[in-house]
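Here is the structure we will look at.
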Amino acid sequence: MEAKRILPVAIIVLALLSLVAYAIFKPNTNAELPGAVGQLGSPGTTQAQPQQAPQTAPPTIPNEPVSSSEPATIVPDGMDFKAYCEKYYSAWQAADWQTAYDLQPMNKKEKSDVNGTAQQLQGYGMVGYTIGEPQTDDNLGSLSVNLDLGQNGIWKTNWTFVKNDKGQWTVQDSVTGMVQ
C-alpha cells in the first residue's frame with residue numbers, strides 16, 4: 001500500500017529535479033546582444049559603444065520615393081550628401097549638439113532629445129572621421145563614414161538617403177557598426 005503513495009510523489013520529485021537541472025545546465029540561447037547605439041559599455045568604462053554591425057544583410061529600402069507627408073529630415077536644396085555629412089560630423093566635433101541633432105535621421109530624433117544626443121556622441125570619444133564618396137541610384141543615395149573612436153577603434157556609419165515625392169532628398173537612416 002505504501003508503494004502506491006510513494007511512487008507518484010517520487011515521479012513528481014524527479015520531474016521537478018529534471019526541470020531544475022535543465023534550467024541550470026541548458027545552453028544559453030539568450031546570449032547578450034550588443035548594446036544599442038549610445039548604450040554605455042561594460043562596467044568601469046565611460047565610452048559609449050556603437051551598435052555592432054549586423055551579421056545578416058539589413059532589409060533593403062525600396063528604390064522609390066517616400067511620401068512627403070511623412071515626417072523626415074530633409075537635405076537642404078543644393079547640398080550633396082558629402083557636404084551634409086561633413087556638416088553633421090564637424091558639428092559633432094565642435095560640440096554643436098543642436099546642429100548635430102537637427103541633421104540626424106527622423107528615427108534617431110524620435111528616440112532622443114538634444115541632451116540625450118549630446119551624451120551619446122560625447123561618450124563615443126570620436127577623434128576623427130573620413131567621409132567616403134556618395135552613391136546614388138534613382139531615388140536612393142548612400143554614403144559611408146569611417147569614425148576613429150580612439151580607444152574604441154574604427155567604426156563605420158552607413159547613411160541612407162531617399163527622395164520624397166517632391167524630389168527632395170530625405171535622411172532615411174544611419175547605421176553604425178565596427179569595421180572588421
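Please treat every number below as a calculation from the coordinates, not as lab data. All values derive from a computational prediction rather than experimental measurement. Here Cβ is always computed from backbone atoms with ideal geometry, including for glycine, and neighbour counts include all displayed protein chains.
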Ranked highest first by average number of other Cβ atoms within 10 Å, how do 102-108, 78-84 line up?
102-108, 78-84
Suppose the chain between Ser68 and Glu86 were pulled fully straight at 0.36 nm per residue; how much longer would it get relative to their current alpha carbon spacing?
4.0 nm
Simple spin-label estimate for Asp137 and Asn158 in nanometres, 7 Å along Cα-Cβ:
1.1 nm
For the stretch 105-180, build the charge dipole from Cβ charges (+1 Lys, Arg; -1 Asp, Glu) around the Cα centre, then report which of Gln122, Val145, Asn107 sits farthest towards its positive end.
Gln122
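Starting from the Kirkwood Rh over alpha-carbon pairs, what translational D in µm² s⁻¹ does the stretch 96-177 have by Stokes-Einstein at 4 °C and 1.567 mPa s? Before the final figure, lay out the partial values.
Values: Rh = 13.8 Å.
Translational D for this selection: 94 µm²/s.
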Considering amide H positions built from the backbone, and no H for Pro or chain starts, which residues 5 or more places from Asp173, or on another chain, come under 5 Å of its amide H?
Thr160
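Compute, for the stretch 94-133, the length of the dipole vector about the Cα centre, with Cβ point charges of +1 (Lys, Arg) and -1 (Asp, Glu) only. Units Debye, rounded to 20.
Once rounded to the nearest 20, the dipole reads 140 debye.
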Pseudo-spin-label distance Ala95 to Val114, built 7 Å along Cα→Cβ, given in nm, is 1.5 nm
